[in-house]
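The values are calculated or read from the model by the stated rules, or taken from the named source; none is laboratory data. Since the structure is predicted, the reported quantities are computational estimates derived from the model, not experimental observations. Using ideal geometry, Cβ is built from the backbone for each residue, glycine included, and neighbour counts are taken over all protein chains shown. Only protein heavy atoms, including side chains, enter the accessible area calculation; ligands, DNA and RNA are left aside. Shrake-Rupley method; radii C 1.70, N 1.55, O 1.52, S 1.80 Å.
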Amino acid sequence: MFLLPPTVRNASRLRVIAVAVASCLVGCDASLTPVQPDIEGDEEVSTASEGDLVLPIPLDIVIDAPRALLGERLFHDPALSSDGTVSCTSCHDLVHHGGADGQVRSQLPGRTAGPINVPTVFNVGLNFRWSWSGHWQLMAEQIDAAMSAPHAMATTVEDAVPRLAPAYASDFAAVYPSGLDATNVRDALTEYLRSLTTPNARFDRFLRDDPSALTEAERAGWALFREIGCVSCHQGVNIGGNLFQRFGVIEDYLGQRRELTPADLGLARFTHQESDRRVFRVPSLRNVELTAPYFHDGSAATLEEAVQVMARYQLGRTLRDDQVVLLVGFLRTLTGEIPPRRAP
Amino acid sequence: MTPERPTSGVVPRVPASRAVTSPSIVVALAIALVASVGAWAFGLRVDATAHDAYSERLRSMVTLEHRLNEQVLRKYAGLAGSYDPLVRTMRELRDLHRQADLVPAFIDEEGQEEVRARLAESRDVLAIQDTIVEQFKSENAILLNSLRFFPVAAGEVADALSREPASEAQVAQVRGLLRDVLRIAVSPTADALAEVERHLASIRPDGPLAEDLRIVLRHAEIVASGRQTVDHLLADLLQQPGAEAASALGDAYARHLEVAQQRAQTSVILFLACVVLAVAGVAASIFARMRADAQAIRAASARVAEAIDRQNRFVSMTSHEFRTPLSVIVSSADLLRAYGDKWGREQHEKHLSRIERAGRGMTDLLDGILLIGRTDAGHRDFRPGRVDVAALAHEVVDAQRARAKAGVTVVLETGREGEQVVADPRLLRHVLDNLVANAVKYSKPKGVVSVVVSRADGEVRIEVEDHGIGIPPADQEKLFDTFHRATNVGAVQGTGLGLAIVKRAVDLHGGEIAVKSSADSGTRFDVRIPVSAAGTITSEESSAEDAIGGP
């Protein structure tokens, strides 16, 4: 560079800068004028077949195993709770109740009853927001909410860190440069929760071009599911879990039957907006046969009951018994492979 | 020029020249300069990877903003497909806004502030968009469901009612409602909406199909209000300046990127200038050091040559100066032995005084050599006593007059005799003796030598001036060197010790000697010796104090 005469050096430098500025300006020009959206790599947008109303759970979700393994240990560890008596699995039973607890509302020993029916932790990574109300935009926020709930862990992640230190400090240090701290505890739990997908439900195999995966009746149930409008809200990869909806579109379900609780406010409990009253995150229907009772208040004991409530109060339909049987039959095909426990 | 020791054969250590900075220091400074300027320039560089990543994020934001509107429009049009892509777009936009918080470090503080301000604006728009999109999804899902179901349900109810007795009015009303709701579905004009409102108000959900009728009316309500709500939401969303906000963000970034690039370019030029400067500095210091070394070596070898030369001169001078009186002594002694008994008293006396003069001359010469040798060896051979300088001057000048060659006149001016000062009489005699002898020796025939001895405040001043052959300028430098004789002395005899002795004698007193001379027109020595007064005594005492005998 030293050897170039100054004029040549300057000229070449200026050219380089000119190109850099020009490329930047081109980039900005492109952003000033309306451009055709780049739809490469997003096939769902460009195809419009009925098939992608609902999609199978991907088989290739990328999980960082070391972090997820730490999260799994934490998830099963009572040391997270204030008094060391309950773990996440106390309410989220991964083996018997599809990631929920099978009760109307959680009731842990020595604690007050929870305000809502425990939602599942399966496929939570596929949701757009978290909790029944859908208030939490980050899984870490949902983790904090569960940790601080007096009927659940009754503590905070920050307070739990010292309790975790003896058993976890060195293992966290091996995975995270900053070692064991609240942020990394949330991250490990989040990574584990993301790993809790239930792929290969019979319905997913059916969606992957295996017609024999469903019986004729189940296929009829799927058709009915679309026809009567369940699919208006229960769609996408999680068959729900990607939009808000008011509970009681056609007529009031909650107020008709009992005294309202704060939990019945739904999203309005956090936003205090009248328009958010009784607005909830549409729950996923995956593994729904395992997670009775149903709704945020656990008011539907069986799938049949839940289907009828939904048809009447959300869709304005009165279903015949055979239609209920078909729909329930279809819903039972949504049970996927329960993720195995990785570490002892 | 510092005096050298005549007897020392050792080459003096070459003193490191103080004017030249050591190259190693210059190299260290150069490295420090280049490193610090380099680090500064490196800090200002436009990191291409960071820039690519950041600008890609900003471009993606704009693309996703457009995609968001397109996806909402598709759902509005009732096209099949899930809300997942819409959810994904919103999530990506949120992630991009979060990541864009890390503005690349090469953007200056002002730029960071502006980019963050634009980002905050874009984020505000995104929050509004998020709210609208969520409401749109909910309302649109219900609307589309009712739009699908209502015509079927209304048709079925109308058919069923038409089979019931006395329901013609209801049938007509339901068919009218169906027609007007379908008009809204196509185009929600105020006209059609008013019609539907009218139907909804007039139809009574009673009779045998009351329940079915109630549900049909509810769906009609949902379509009527939902259509408007969804239209408003869509219009509101499309009006949100999402893409504009993202573009403004991109523009702000591009503007400050240009600033950063210019700054980086300047810093690189400055860095290169520093590198050139550093290299030049190092090279210059190395050359300077080499030159200084060469000079020092030349000077040292010159001094060695000079020392050798001086020793040679010493040997030739001593052999000559001692041989002459020695041969006088030997020959006079031989003559005395051979003819002594035949000679008369006068002849005896003549040869004895020749021997005496020769011996005394050698003594003087040895005395001078010893004085120089001791002084150069570091002995402060200074023995102060009380001296009457005027008397001493007279004594010396009288002796010189007696020996002066024909025609040379010595004029002496002194102050009053009898004033005594504290000085080394032996050394003062050397000073006067040598200066006056030189002046006489190098005077032209019939020349005049002027000697002025005066006293001023705390000093004795001795001025000796002749109009003789003078000293060439080249020789004046080495005037006080031992055994150095000027190039123009010709056949005049001399030892090259006289002025060296004078110089040392003056130095031992802490005095100064100056010389002014030009070739062929004479020389003037000006000696100033600081003294302190010692009172007044007689001239006898003064002579008795004199440590050295006659001239």
For this session: Treat every Asp and Glu Cβ in the range B:337-457 as -1 and every Lys and Arg Cβ as +1, leave all other atoms uncharged, and give the resulting dipole magnitude about the Cα centre to the nearest 20 debye.
Result: 540 debye
For this session: Would you mind classifying the range A:201-244 by shape? Square roots of the alpha carbon gyration tensor eigenvalues, ordered a ≥ b ≥ c; an a/c under 1.5 is rounded, otherwise it is prolate if a/b is larger than b/c and oblate if not.
Result: oblate
Exercise. At a 1.4 Å probe radius, carbon and sulfur cover how many percent of the accessible area of the range B:397-455?
Worked result: 53 percent
Seminar exercise, completed: In degrees, nearest 10, the alpha-carbon axis of helix B:168-186 is tilted away from the dominant principal axis of the alpha carbons of chain B by 20 degrees
Exercise. Around residue B:518, which amide H atoms from residues at least 5 apart in sequence, or from another chain, sit under 5 Å from its own amide H, with H modelled in the peptide plane?
Worked result: B:471
Problem set entry | Charge dipole of the range B:83-231 about the Cα centre (unit charges at C-beta), most positive-ward option of B:230, B:201, B:165 | B:165
Exercise. Where nothing but the Cβ of Lys and Arg (+1) and of Asp and Glu (-1) is charged, how large is the charge dipole of the range B:69-177 around its Cα centre, in debye to the nearest 20?
Worked result: 600 debye
For this session: Using the charge dipole of the protein assembly as shown (Lys, Arg: +1 at Cβ; Asp, Glu: -1 at Cβ; taken about the Cα centre), state which of B:518, B:288, B:532 has its Cα farthest towards the positive end.
Result: B:518
For this session: State which entries of B:350/B:503; B:342/B:441; B:444/B:516 exceed 29 angstrom in Cα-Cα distance in the structure shown.
Result: B:350/B:503; B:342/B:441
Seminar exercise, completed: Under the Karplus relation with 6.51, -1.76 and 1.60 and θ = phi - 60°, whole-Hz ³J(HN,Hα) for the range A:258-273, x at Gly and Pro, equal 6, 4, 7, 10, x, 5, 5, 5, x, 4, 5, 4, 9, 8, 6, 9
For this session: Compute for chains A and B the buried accessible surface, both sides summed, probe 1.4 Å, and express it in Å² to the nearest 100.
Result: 4100 Å²
Seminar exercise, completed: Charge dipole of the range B:49-154 built from unit charges on the beta carbon (Lys, Arg +1; Asp, Glu -1), centred at mean Cα; most positive-end Cα among B:96, B:132, B:152 is B:152
Seminar exercise, completed: Phi angles of the range A:67-81, converted by Karplus (6.51 cos²θ - 1.76 cosθ + 1.60, θ = phi - 60°) into ³J(HN,Hα) in whole Hz with x for Gly and Pro, give 5, 5, 5, 4, x, 5, 4, 4, 4, 9, 9, x, 4, 5, 7
For this session: Sort out for me the Cα centre separation of the range B:251-291 from the range B:117-188, rounded to whole Å.
Result: 70 Å
For this session: Any chance you could check the Cα centroid distance between the range A:116-175 and the range B:214-233 for me, in angstrom?
Result: 40 Å
Problem set entry | Debye intensity ratio in log₁₀ form over the Cα atoms of the range B:400-481, taken at each q of 0.19, 0.23, 0.27 Å⁻¹ | -0.94, -1.17, -1.32
Exercise. Is the range B:350-496 rounded, prolate or oblate when judged by the Cα gyration tensor, a ≥ b ≥ c being the square roots of its eigenvalues, rounded requiring a/c under 1.5 and prolate requiring a/b larger than b/c?
Worked result: rounded
Seminar exercise, completed: With residue A:99 itself left out, Lys, Arg at +1 and Asp, Glu at -1 over residues whose Cβ is under 14 Å from its Cβ give -2
Problem set entry | Electrostatic dipole magnitude of the protein assembly as shown [Cβ: Lys, Arg +1; Asp, Glu -1; Cα centre; debye, to 20] | 4320 debye
For this session: Taking a cut-off of 16 Å between Cα atoms, list the lysines near residue B:75, but don't count ones fewer than 8 places away on the same chain.
Result: B:137
Exercise. Which value, in Å², gives the accessible area per residue of chain B when a 1.4 Å probe is used on the protein heavy atoms?
Worked result: 51 Å²
For this session: Enumerate the amide H contacts of residue A:266 below 5 Å, restricted to partners 5 or more residues apart or on another chain; note that Pro and chain-start residues carry no placed amide H.
Result: A:278
Exercise. In peptide B:265-277, what is the residue-averaged number of other protein chain Cβ atoms found within 10 Å of each Cβ?
Worked result: 1
Exercise. Using a probe of 1.4 angstrom, how much of the accessible area of the range B:271-364 is carbon and sulfur, in percent?
Worked result: 63 percent
Seminar exercise, completed: Loop-resident trypsin sites (Lys or Arg not before Pro) in the range B:306-379 with no more than 13 other Cβ atoms inside 10 Å, DSSP not H/G/I/E/B, are B:342
For this session: Starting from the Cα gyration tensor of the protein assembly as shown, take the square roots of the eigenvalues, sort them a ≥ b ≥ c, and report rounded, prolate or oblate (rounded when a/c is under 1.5, otherwise prolate if a/b is larger than b/c, else oblate).
Result: prolate
Seminar exercise, completed: Net charge (Lys, Arg +1; Asp, Glu -1) of residues whose beta-carbon lies under 11 Å from that of residue B:419, residue B:419 excluded, is +1
For this session: Express the carbon and sulfur contribution to the solvent-accessible surface of the range A:139-228 as a percent, rounded to the nearest whole number, probe 1.4 angstrom.
Result: 55 percent
